[in-house]
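Single-structure report; data block below.
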Amino acid sequence: MFNRFGSTALAALFVVGACAHEVEAPALEAAEAAPVTETWSVRLFDQTLGQLVATTEGNTVKVDYEYRNNGRGPTLAETITLGEDGLPIGWTIDGATTFGNEIHETFALMGGVASWTDTTGSATAAQTEPTIYIPQNASPYTLAIYAKALLADQDMKLPAWPAGTLSLTPQDKLRIDGEGGPVATTAYALVGDDVDPTYFLTDELGGLFAMISPRLVVVREGYEEADDQLKELATRLSTERLEDIQAATAHKFDAPLAITNVRVFDPVAKAMTAPSTVFVEDGVITAVTPGAADTSGAYVVDGQGGSLIPGLAEMHGHMGQDGALKNIAAGVTLVRDMGNDNAVLSELIGKIEAGKLAGPRVVRSGFIEGKSPFNSNNGILVTSEEEALAAVDWYADAGDFWQIKIYNSMNPAWVPAVVARAKERG
């Protein structure tokens, strides 16, 4: 998940504090008491589907985060209390996940002891140095808190609770135009809050401007038109990272691969075999030989007596380039994609097949959806039976889709004709 912190509001308070000797006490108290509200728009498929709203009053930030896509999305209410160093000393998160699971998460730092409760249970830890809490389920506002804390640290790195380390790495600088005028932003990669880096932008004062990904963007209100620019940046940063990983770790075999000393499942005997040698060439298992075998001319991998299974098949996926690498890491070598952005998936498959990115083989489904207040935005959206039939023809003509997928908002009256056309087109 993501999070955000109102550094603009705090920056204003720091300025007031620095000039306190020049301000009468009542005026200072009024300035400190005035709440500051910031709003970000949640953008997906070139639409605003929700908002992130943060109101800062003193050292307390109240956050509301909600969006809906395909009738689903998170609903979160957070109350965050910040210490003098800008790190959270209190945090409550209530609401529901994208799929409706209840969230009630708490964190507190008192007397040098941190305590927290999330879906995994409760735990405590003694504070021995400045440490930041990583919530299990939170809004993108967390990024604002992380940004202020990490940018104030010399090496932009902090230990974290429940475990691990958070760190920032500058990525790029760019100007964003919008209703509030041009903003000079800096893009960062946050490492440590998730399996993949989280990319986000700050403004000149270090305040959160946007959280970015190749699909979803949470951007400061008034700058929604920068949606495409921000997604392109996120895609480039993610792609460069994944291509670097592929270049550093991929193995290209110009000869057969022999995996020795492994046990495989014999479905006839319904038992694991004795240690064997498995030969693979051009992605195909060509032989399973009991015991040791002649491996001359082959690349040899010693299985050390372990069990070897064929690649796993994911039968319902929506493939993206981050997920492509994770599937390979988990042993999934084939994914049946059940609906996607057609152009984006085509580009991804091309990069996988060219060896630029790690990923499984992808079997594509032609996603066809009707329009409604709750429609998905994958594949092709249709408003009539004629458009639905044209969508079937488009997928058939493309040549790399093996089935169609009819989705929730499709008018049921069109389905018989759509199915008939799909069968007719093979």
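The values are calculated or read from the model by the stated rules, or taken from the named source; none is laboratory data. What you are looking at is a predicted structure, and each value in this text was computed from that prediction instead of being measured. Here Cβ is always computed from backbone atoms with ideal geometry, including for glycine, and neighbour counts include all displayed protein chains.
Of everything in region 314-353 that is surrounded by fewer than 18 Cβ atoms within 10 Å (Cβ to Cβ) and touching a Lys or Arg at 6+ places or on another chain (Cβ under 7 Å), the residue that is nearest to I368 (Cα to Cα) is H316.
How many of the residues in region 31-63 are touching a Phe, Trp or Tyr at 6+ places or on another chain (Cβ under 6 Å) and aliphatic (A, V, I, L, M)? Don't jump to the end; show me each part of the working.
Quick first cut of region 31-63, residues touching a Phe, Trp or Tyr at 6+ places or on another chain (Cβ under 6 Å) only: 42, 49-50, 52, 54, 63.
Narrowing the set further to residues that are aliphatic (A, V, I, L, M) leaves 42, 49, 52, 54, 63.
The total comes to 5.
Contact annotation: residue pairs with Cβ atoms under 6 Å, 6 or more positions apart or on different chains, pairing a residue in region 92-117 that is on the phi > 0 side of the Ramachandran plot with a partner that is in a strand (DSSP E or B), are G95/T75; G95/L76; G95/A77; G95/I103.
V219 passes every criterion in (1) in the same structural domain as L49 (by TED's automatic domain parsing); (2) in a strand (DSSP E or B); (3) of a type outside the set (S, T, Y); (4) touching a Gly at 6+ places or on another chain (Cβ under 7 Å) apart from (4).
Looking across region 170-181 at every residue that is of a type outside the set (A, V, I, L, M), part of a strand (DSSP E or B) and touching a residue at least 24 places away in the same chain (Cβ under 8 Å), the one that is nearest to T131 (Cα to Cα) is identified as Q171. Among the conditions (1) more than 17 Å from E38 (Cβ to Cβ); (2) assigned to a strand (DSSP E or B); (3) not β-branched (V, I, T), A54 misses just one, which is (1).
State yes or no: is T120 over 24 Å from T79 (Cβ atoms) and not assigned by TED's automatic domain parsing to the domain that holds N327? So T120 does not fit the description; no.
Among the candidates T169, T186, T198, the residue that is assigned by TED's automatic domain parsing to the domain that holds L49, surrounded by fewer than 21 Cβ atoms within 10 Å (Cβ to Cβ), under 19 Å from the mean Cα position of the chain (by Cα) and hydroxyl-bearing (S, T, Y) is uniquely T169.
Just give me the residues in region 260-310 being over 21 Å from A358 (Cα atoms), in contact with a Phe, Trp or Tyr (Cβ under 9 Å, 6 or more places away or on another chain), of a type outside the set (G, A, S) and in a strand (DSSP E or B), in sequence order. Correct list: M272, T286, V288, T289.
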